[in-house]
Each structure stands twice: as C-alpha cells, then as structure tokens.
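Note sheet for the following structure.
The values are calculated or read from the model by the stated rules, or taken from the named source; none is laboratory data. Note that the coordinates shown come from a computational prediction; the quantities given were computed from them, not determined experimentally. Note that we place each Cβ from the backbone using ideal geometry, even for glycine, and neighbour counts take in every protein chain shown. These accessible areas exclude ligands, DNA and RNA; they are computed on the full protein's heavy atoms, side chains included. Shrake-Rupley method; radii C 1.70, N 1.55, O 1.52, S 1.80 Å.
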Amino acid sequence: MRYRSRLIVNLSRFSSNIDKLKLLTPKAEILAMIKADAYGHGAVHLLRFAFENHSIREFGLATLAEALHLRKELPDFKFEAYVFSDSQISLAVCQEWYQENRIIPVISSLSDLNLFLQSRCFRYFPLVLKFNTGMNRLGIDFSELVEAIDLVKKSGRRHVDHLMTHLANASLNLSKNKMNIRQVNNFNTIKDEFRSCGIHIDRTSISNSGAIEQAGDLGESHIRPGLMLFGPSSLIASQRAGKWTGEMISSLETYIIQTYPVQKGTPVGYGASPCPHDGLIAVIALGYGDGLSNRYRGSSIKHRGFTGKFCGRVNMDMAQILFPPQAKGEIRAGERVTIWDSDQESFLQLCDQTETIPYEIFCQLSSRVPRIYRLE
Ligand SMILES: *Cc1c(COP(=O)(O)O)cnc(C)c1O
C-alpha cells in the first residue's frame, strides 16, 4: 500500500540518542518520558525498543489511560509506568486499575498524599512525591513540606522511593537564571528536611531535557528526558552550547497531489488568498486533519532545491505551497515532499516560523498520519 503521508521513525537514531544521553549522564538512571504517545512518535514501539535494546525500565506518562494502554499492548514487559499529572487517584475505580496493572501514581498534592497513604490499594506501592519548588503548576507546595513529612511519618513509612521536582526554566541558563537557582536550592532543602526527620530517600530527579543538555543529572540518581530522546534541543538558541548532539529521529513525508501555475494575485483555496507572486502551486496531502495547523501559513520548506512557502489557508486534508516560477516543469505531481527530516536546523527554523516549539509540532501530528518504523 502506498501511504498518503507518513511519519518515518528511525529507530537507529533513537538508539544512538539514548547512547549519547548515557554518555552525558553516566551515573544516572533514565526515566524516559514517553507521554503523549512518545511526543507523537508512538509510545508502544519506542518503549519496546528502549526496553529491549537499552535496558530502560522506567517510563513516564501523563495520564492513567496512557499507562493502561502500554500495559495492555506490552503485557510481557516488566517496566515501571509512572503517571505524572492526570492521575485521578481519588476515584475508587482508578485505584483498582493502578493496583491491578501496577501503575505508579506520582503524588503531587497533600490531598493525594493523604489518599495514597490511607488507601489499601497503594499499601505496597512505592511512594513517589513531586514537589513544587517554584514552577507553580503541580506539586506538593514547598510551604507544605512539614505537613507532608508528618503524613509520611504517621503512615509508618520510612522511605520515599522517588522524590522529584520539575523546572520552569530549563530552556534558560541553569546556573544563572534566578528561578532555576531557587528551584534547585528549594529541592535540596526538601531532601535535607526529609532526611533530618529520619525518612530515607531512595531516588531523586530534577533534570528534564533542557537541564540534562546543560548540566547532566544535577547530582540526582535519575534523569527524566523527553524531547531530547527524539532529537531536538529544548534550549533557546542562545543557550545551545552544542553539548547535545542528538539527531532527529523522525521525518514527516507527504506527496504532491497536483501542481498548477499561478500569477501574482491568483486566489488560492478557502478564503481565496491572493498569491504574493507568480509561481507554481503544489498541493500537498497534509492538512490540519493530519496536524498541520494554520500556523504553517507563510513558513517555508525546501523541495528539489527550490524554497516554497505555505500559501493561503491550510485545509483539513491539503495545503498549498507556492514555489518560484523557475519550479515550473521541475516540480511535479506525485513527488515526495519532506516537511522535516534529520536536519535539525531546518526543523528548528520551522518551529520559529510557525511560532511553535518542537514539542507542539510533534504532538499535533494526528493519528491519520501512519508512523512507520525503520531500522537503518
Ligand atoms: C514532560 C516532563 C519531562 C520531560 O520534559 P522534556 O523537556 O521533554 O525533557 C520531565 N519531567 C516531567 C515532570 C514532565 O512532565
């Protein structure tokens, strides 16, 4: 079968990214963040690959449903699945699902901590606590530290299995940005407090991709990489010191359905947007139904040595690309067009032009785009 459009996922590059990550953080264990279907790349395939080829055993998801799906698809794989945000542990039925499928909720509030410690379902489950050290999104608040320690002590537990926090500004300078400094300091205080109260902390983590790129594991036992596994840097341009040499693992391919010549002013597509100059329109088989949003309008892609620009509105199933007049006779229907490939620079440029970030571009890809896995 010939696919209309597809995302090619190169497992060899995924593999070499993990090797590079291990070189950057030789002492740390990897808790691989593969939420949102591994940032659009397909969590089932990438989990299986990382488990079998790199002995990664811990994986981070956002929702209970994501974790249940992986358990169901990979029943013979003994991995740990952590649910980070949409954990819903207050629902009795969810507690049972956690228990039956051994999925570990990350506890991010005092009320959930209370529930967790009191629930029979979780009695023999590892205690994983996430603290808010300044990001002010999820997490047990720094000001609730004493209360949290008290609850843990009263429950009879003497261990926190994994203590973590999440950085708000990891894409900015880690050693100079005030928020980063404050968060790391707060995290150290939290660890000290637990220990001084006689509670052992088995494992800890702070670093997401941005932090890992800059400073590795930050002295913690674990790292929690997401984006970097798939290639792109998550640092702002001025911060990229070249430490992360990961490669893009995916390329988004489509093909040209039709071409036709246009003149400056020719109306194109919905809304009859006038062409800004003479040239050749190529209609490609990707639209917002595939995850290409109207933010792509005006951004450029290269094809056969020509630079074309998304022209007019992105449609549900198609988009128009305007090439210069010289492309006439050179660019034809049926040709494969690549929206991004292994070239990270041009991918990051696409992010800039569309005013998005790599995370968004990846996650927007819809299920209509088949993911094809290759080992090169
Ligand atoms: C998503 C997430 C990560 C991974 O972040 P990246 O920037 O993709 O590396 C790490 N930790 C937590 C808590 C997350 O939610």
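Between LYS72, LYS153, the distinction of being away from the ligand (no atom under 15 Å from the Cβ), within 24 Å of the chain's Cα centre (by Cα), farther than 30 Å from SER233 by Cβ and assigned to a helix (DSSP H, G or I) belongs to LYS72 only.
Total residues in region 250-291 satisfying the condition of being of a type in the set (D, E, K, R) and part of a strand (DSSP E or B): the figure is 1.
Taking the stated definitions as given, is GLU247 outside any loop (DSSP other than H, G, I, E, B), open to solvent by 10 Å² or more (accessible area, probe 1.4 Å), charged (D, E, K, R) and out of contact with any Phe, Trp or Tyr (no Cβ under 6 Å at 6 or more places or on another chain)? No, not satisfied. Within region 347-365, residues that are more than 20 Å from GLY246 (Cα to Cα) and open to solvent by 60 Å² or more (accessible area, probe 1.4 Å) reach partners that are polar (S, T, N, Q) and part of a loop (DSSP other than H, G, I, E, B) with beta carbons closer than 7 Å, at six or more positions or on different chains, in the pairs GLN353/SER299; GLN364/SER293.
Has region 303-324 got any residue that is within 17 Å of SER5 (Cβ to Cβ), open to solvent by less than 10 Å² (accessible area, probe 1.4 Å) and under 23 Å from the mean Cα position of the chain (by Cα)? No; the residues of region 303-324 include none that is within 17 Å of SER5 (Cβ to Cβ), open to solvent by less than 10 Å² (accessible area, probe 1.4 Å) and under 23 Å from the mean Cα position of the chain (by Cα).
Can you report the number of residues in region 230-254 which are of a type in the set (A, V, I, L, M) and touching a helix residue (DSSP H, G or I) at 6+ places or on another chain (Cβ under 6 Å)?
Total satisfying the criteria: 3.
If only residues of region 156-172 that are away from the ligand (no atom under 16 Å from the Cβ) and either in a loop (DSSP other than H, G, I, E, B) or free of Cβ contacts under 8 Å to residues at least 12 places away in the same chain (or both) are counted, the one that is surrounded by the fewest Cβ atoms within 10 Å (Cβ to Cβ) is GLY156.
Restricting region 102-113 to residues that are more than 15 Å from VAL160 (Cβ to Cβ) and more than 21 Å from the chain's Cα centre (by Cα), the residue that is most open to solvent (accessible area, probe 1.4 Å) is ARG102.
Name every residue in region 199-212 that is open to solvent by less than 10 Å² (accessible area, probe 1.4 Å) and either within 12 Å of the ligand (Cβ to nearest atom) or closer than 17 Å to PRO232 by Cβ (or both), in order of residue number. Across region 199-212, the qualifying residues are SER205, ILE206, SER207, SER209, GLY210, ALA211, ILE212. Of the listed requirements (1) modelled with pLDDT under 95; (2) touching a helix residue (DSSP H, G or I) at 6+ places or on another chain (Cβ under 8 Å), ALA38 misses just one: (1).
Residues being basic (Lys, Arg) and either in a strand (DSSP E or B) or more than 23 Å from SER367 (Cβ to Cβ) (or both): count how many of those fall in region 292-324.
Our first condition is that a residue be basic (Lys, Arg); within region 292-324, this holds for 295, 297, 302, 304, 309, 313.
Remaining after also requiring either in a strand (DSSP E or B) or more than 23 Å from SER367 (Cβ to Cβ) (or both): 297, 302, 304, 309.
So the count comes out to 4.
Going by what's in this entry, would LEU138 be described as open to solvent by 50 Å² or more (accessible area, probe 1.4 Å), within 30 Å of LYS243 (Cβ to Cβ) and in contact (Cβ under 8 Å) with a residue 60 or more places away in the chain? So LEU138 does not fit the description; no.
Among the residues of region 223-252, those that are farther than 25 Å from ILE8 by Cα and more than 10 Å from the ligand (Cβ to nearest atom) comprise ILE236, ALA237, SER238, GLN239, ARG240, ALA241, GLY242, LYS243.
Per the conditions (1) over 22 Å from MET318 (Cβ atoms); (2) under 18 Å from the mean Cα position of the chain (by Cα), the sole criterion not satisfied by ASP343 is (2).
Just wondering, is there one or more residues in region 32-44 that are within 16 Å of the ligand (Cβ to nearest atom) and surrounded by fewer than 17 Cβ atoms within 10 Å (Cβ to Cβ)? No: zero hits. Residues that are free of Cβ contacts under 8 Å to residues at least 24 places away in the same chain and buried (at least 18 other Cβ atoms within 10 Å of the Cβ) are absent from region 332-341. If I filter region 291-298 for residues that are within 26 Å of GLN239 (Cβ to Cβ), basic (Lys, Arg) and either open to solvent by 60 Å² or more (accessible area, probe 1.4 Å) or at pLDDT 95 or above (or both), do I get at least one hit? Yes, the conditions are met somewhere in region 291-298.
Looking for something open to solvent by 30 Å² or more (accessible area, probe 1.4 Å) and part of a strand (DSSP E or B) - is there at least one such residue anywhere in region 215-233? No, that holds for no residue.
Regarding region 79-101, can at least one residue be identified that is within 16 Å of the ligand (Cβ to nearest atom), farther than 18 Å from ARG57 by Cβ and surrounded by fewer than 19 Cβ atoms within 10 Å (Cβ to Cβ)?
Looking only at region 79-101, we keep the residues that are within 16 Å of the ligand (Cβ to nearest atom), and these are 80-87.
Subsequent filtering for residues that are farther than 18 Å from ARG57 by Cβ retains 85-87.
After this cut, where a residue has to be surrounded by fewer than 19 Cβ atoms within 10 Å (Cβ to Cβ) as well, the list is 85-86.
Yes - at least one qualifying residue is present in region 79-101.
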